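Participant: The structure that follows is given in the form of structure tokens.
The values are calculated or read from the model by the stated rules, or taken from the named source; none is laboratory data. The structure presented is a predicted model; accordingly, all values stated were derived computationally and were not measured. Quick reminder, even Gly has a Cβ in these numbers, built from the backbone with ideal geometry, and neighbours come from all protein chains shown.
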């Protein structure tokens, strides 16, 4: 297997550089990588210091590192560019195309992509997160009408991570509510959700996968048996159909994919 | 103000396209944008359909849209490229530079960046999230030794969102623990954290900002008074110093910036 060291370098958090680099690297199956993120490289001194460090690693390993950068400051970027490796910077290529198209000069302000200046946005996000934590797993029925979306499913189908992701990353008020055996037996939405059908979104998952997950929590229990998992999932699908609630099979999906699907289906893109 | 419609197009979730586009757009101060994400564009038919849609919007608005794309499939990308707008695709530019450098062909597999195939990684992330929820705000002292990091601070300094972000986005076991008035008065770590000093990371925040935040929860209370906020923050800093616990002032930081700082300081980058 081909081996490379990979550096994500940024004058901010490094999140964009990681996203850029990781997305590109997923396309190379035969490549083994060792990754390091170097955030907050926002001065000439820091840039020189990490170029020295990366060059040291390059010499030690004997192969050229891959360096993914999102560095706005031209002076800092020029220093980084001198590194003994492949240097790919997001701004290098795209910012000029955008400037030409829009007819505006870019501001060259560092740390904006994931920076904290916008208090209103920060507060909205914290409010969403508090809401989602308070409304996790049916813990509260207060203010359910305030929810942007209410995820429903049998236990352990992925409601909680999806809700928290929607809150934390998208600022959405995402509640989640379990479907109990009683709800499933009678194919009836929990009382607290009656009248809120249009906010609901359902999850299901492969029965064997659910059995695995439940067995990690309560090994050998009826709750974790394949028969019980299959039954609950069958009933859940019937319940969703009865109330015309859209749903998705989350078995092979990441939290991000489930969240993107929910947002698309419920038209929740901001 | 210059106005443009912006489309984030992807054969996956659209997260990378959004990150790429938003990072670039933060550099244009005089630009007003209306954003739409179009995820899961993974077939020729869908590509044709959204090109028609974007062209319709372009005609209606009278200005060329900006289209940020992360589309791996060459055929789909060729169709998208025909759009009546500025088309910027991550793979177009960078993938060839990487192929040449690495000496491998890319796989052109869609949806990998935020896709769900890796069960081990998914499970680790869910385990981290469950841990962080169970250990939010000192709710449990069980298994605290398992924590990658324990955030400590007076009430409402940003512990919870940072912990959940570290868990959900980075797969870290992040606990958080409040510093009570008693802890602060005696400059003493909570009993449960004795011996775990090396896992701890402290937060502080501007006293007036803390006053604002607390007043939203309990308006006019002693808890929310400027005197009380100032006192707790002063004592917290002394406590951190006494135990040699690193800390950061989160006042003007985003959750991402706080998390990146914690990870850098505690060497928690994976």
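Participant: Scanning for something closer than 26 Å to residue B:269 by Cα and either touching a strand residue (DSSP E or B) at 6+ places or on another chain (Cβ under 8 Å) or not assigned by TED's automatic domain parsing to the domain that holds residue B:260 (or both), does segment B:223-235 turn up at least one residue?
Facilitator: In the first step, residues of segment B:223-235 are kept if they are closer than 26 Å to residue B:269 by Cα; the result is none.
Within segment B:223-235 (the criterion being closer than 26 Å to residue B:269 by Cα and either touching a strand residue (DSSP E or B) at 6+ places or on another chain (Cβ under 8 Å) or not assigned by TED's automatic domain parsing to the domain that holds residue B:260 (or both)), the answer is no, since none of the residues qualifies.
Participant: Go through (1) surrounded by fewer than 22 Cβ atoms within 10 Å (Cβ to Cβ); (2) more than 9 Å from chain A (Cβ to nearest Cβ); (3) under 23 Å from the mean Cα position of the chain (by Cα) one by one and return the number of the condition residue B:7 breaks.
Facilitator: Among (1) surrounded by fewer than 22 Cβ atoms within 10 Å (Cβ to Cβ); (2) more than 9 Å from chain A (Cβ to nearest Cβ); (3) under 23 Å from the mean Cα position of the chain (by Cα), the lone unmet condition for residue B:7 is (1).
Participant: Confirm whether residue A:198 is over 23 Å from residue A:164 (Cβ atoms) and either more than 14 Å from chain B (Cβ to nearest Cβ) or in a loop (DSSP other than H, G, I, E, B) (or both).
Facilitator: Against the criterion (over 23 Å from residue A:164 (Cβ atoms) and either more than 14 Å from chain B (Cβ to nearest Cβ) or in a loop (DSSP other than H, G, I, E, B) (or both)), residue A:198 does not qualify.
Participant: Could I ask something else about it? Name the pairs: first residue in segment B:99-110 and in contact (Cβ under 8 Å) with a residue 40 or more places away in the chain, second residue surrounded by 13 or more Cβ atoms within 10 Å (Cβ to Cβ), Cβ to Cβ under 9 Å, at least 6 apart or on different chains?
Facilitator: These pairs meet every condition: B:110/B:10; B:110/B:11; B:110/B:12; B:110/B:42; B:110/B:71; B:110/B:72; B:110/B:73; B:110/B:76.
Participant: Let me ask you something else. When segment B:55-84 is examined, which residues are found to be crowded, with 21+ Cβ neighbours inside 10 Å and under 17 Å from residue A:102 (Cβ atoms)?
Facilitator: B:65, B:66, B:67, B:68, B:83
Participant: Considering only residues that are assigned to a helix (DSSP H, G or I) and at the interface with chain B (Cβ under 7 Å from one of its Cβ atoms), look in segment A:70-110 and name the one that is modelled with the lowest pLDDT.
Facilitator: Among those residues, the one meeting the criterion is A:93.
Participant: Can you pull out the residues in segment A:231-270 that are at pLDDT below 95, surrounded by fewer than 16 Cβ atoms within 10 Å (Cβ to Cβ) and assigned to a helix (DSSP H, G or I)?
Facilitator: A:265
Participant: With respect to the numbered conditions (1) within 13 Å of chain B (Cβ to nearest Cβ); (2) at pLDDT 95 or above, which one is the sole condition not fulfilled by residue A:48?
Facilitator: Against the list (1) within 13 Å of chain B (Cβ to nearest Cβ); (2) at pLDDT 95 or above, residue A:48 comes up short only on (1).
Participant: Oh, and also: Those residues that are crowded, with 23+ Cβ neighbours inside 10 Å and more than 13 Å from residue A:136 (Cβ to Cβ), I need them from segment A:159-171; list them, please.
Facilitator: Residues satisfying the conditions do not exist here.
Participant: Output yes when any residue across segment B:177-195 is within 14 Å of another protein chain (Cβ to nearest Cβ) and within 22 Å of the chain's Cα centre (by Cα), and no when none is.
Facilitator: From segment B:177-195, those within 14 Å of another protein chain (Cβ to nearest Cβ) are none; that's our starting set.
No: segment B:177-195 contains no residue that is within 14 Å of another protein chain (Cβ to nearest Cβ) and within 22 Å of the chain's Cα centre (by Cα).
Participant: Looking only at segment A:110-136, which residues are surrounded by 14 or more Cβ atoms within 10 Å (Cβ to Cβ) and farther than 14 Å from residue A:167 by Cβ?
Facilitator: Matches in segment A:110-136: A:110, A:111, A:112, A:113, A:114, A:115, A:116.
Participant: Considering each residue of segment B:175-189, count those that are surrounded by 12 or more Cβ atoms within 10 Å (Cβ to Cβ), in a loop (DSSP other than H, G, I, E, B) and modelled with pLDDT of 95 or more, and give that number.
Facilitator: Total meeting the criteria: 4.
Participant: Follow-up. Looking only at segment A:116-142, which residues are part of a loop (DSSP other than H, G, I, E, B) and more than 22 Å from residue A:180 (Cα to Cα)?
Facilitator: A:116, A:117, A:118
Participant: Confirm whether residue B:113 is within 18 Å of the chain's Cα centre (by Cα), assigned to a loop (DSSP other than H, G, I, E, B) and facing chain A (nearest Cβ under 9 Å).
Facilitator: On the way: within 18 Å of the chain's Cα centre (by Cα): yes; assigned to a loop (DSSP other than H, G, I, E, B): yes; facing chain A (nearest Cβ under 9 Å): yes.
It is true that residue B:113 is within 18 Å of the chain's Cα centre (by Cα), assigned to a loop (DSSP other than H, G, I, E, B) and facing chain A (nearest Cβ under 9 Å).
Participant: Find the residue count for segment B:24-45, including only residues that are over 20 Å from residue A:254 (Cβ atoms), more than 23 Å from the chain's Cα centre (by Cα) and more than 9 Å from chain A (Cβ to nearest Cβ). Lay out the reasoning, then the answer.
Facilitator: Step one: of segment B:24-45, the residues over 20 Å from residue A:254 (Cβ atoms) are B:24-36, B:43-45.
Pick out the ones that are also more than 23 Å from the chain's Cα centre (by Cα) and you get B:30-32, B:43-45.
Imposing the further condition that a residue be more than 9 Å from chain A (Cβ to nearest Cβ) reduces the set to B:32, B:43-45.
Of the residues in that region, 4 qualify.
Participant: Also, I was wondering about something else. State whether the residues of segment B:177-187 include one that is in the same structural domain as residue B:257 (by TED's automatic domain parsing) and under 30 Å from residue A:255 (Cα atoms).
Facilitator: Looking through segment B:177-187, at least one residue is in the same structural domain as residue B:257 (by TED's automatic domain parsing) and under 30 Å from residue A:255 (Cα atoms).
Participant: Please specify each residue of segment B:51-69 satisfying the condition of being within 11 Å of another protein chain (Cβ to nearest Cβ) and either out of contact with any helix residue (DSSP H, G or I) (no Cβ under 9 Å at 6 or more places or on another chain) or within 15 Å of residue B:8 (Cβ to Cβ) (or both).
Facilitator: Matches in segment B:51-69: B:63, B:65, B:66, B:67, B:68.
Participant: Determine which single condition residue A:143 fails, assuming it passes every other condition in (1) assigned by TED's automatic domain parsing to the domain that holds residue A:188; (2) surrounded by 15 or more Cβ atoms within 10 Å (Cβ to Cβ).
Facilitator: It fails just one condition, (2).
Participant: Within the bounds of segment A:199-222, is there any residue that is crowded, with 22+ Cβ neighbours inside 10 Å, under 24 Å from residue A:253 (Cα atoms), in contact (Cβ under 8 Å) with a residue 60 or more places away in the chain and out of contact with any strand residue (DSSP E or B) (no Cβ under 6 Å at 6 or more places or on another chain)?
Facilitator: No, there is no match, as no residue in segment A:199-222 is crowded, with 22+ Cβ neighbours inside 10 Å, under 24 Å from residue A:253 (Cα atoms), in contact (Cβ under 8 Å) with a residue 60 or more places away in the chain and out of contact with any strand residue (DSSP E or B) (no Cβ under 6 Å at 6 or more places or on another chain).
Participant: Here's something else I'd like to know. Just one of the numbered conditions (1) more than 7 Å from chain A (Cβ to nearest Cβ); (2) surrounded by fewer than 24 Cβ atoms within 10 Å (Cβ to Cβ); (3) closer than 27 Å to residue B:73 by Cα is not true of residue B:21; which one?
Facilitator: Only one criterion is unmet by residue B:21, namely (2).
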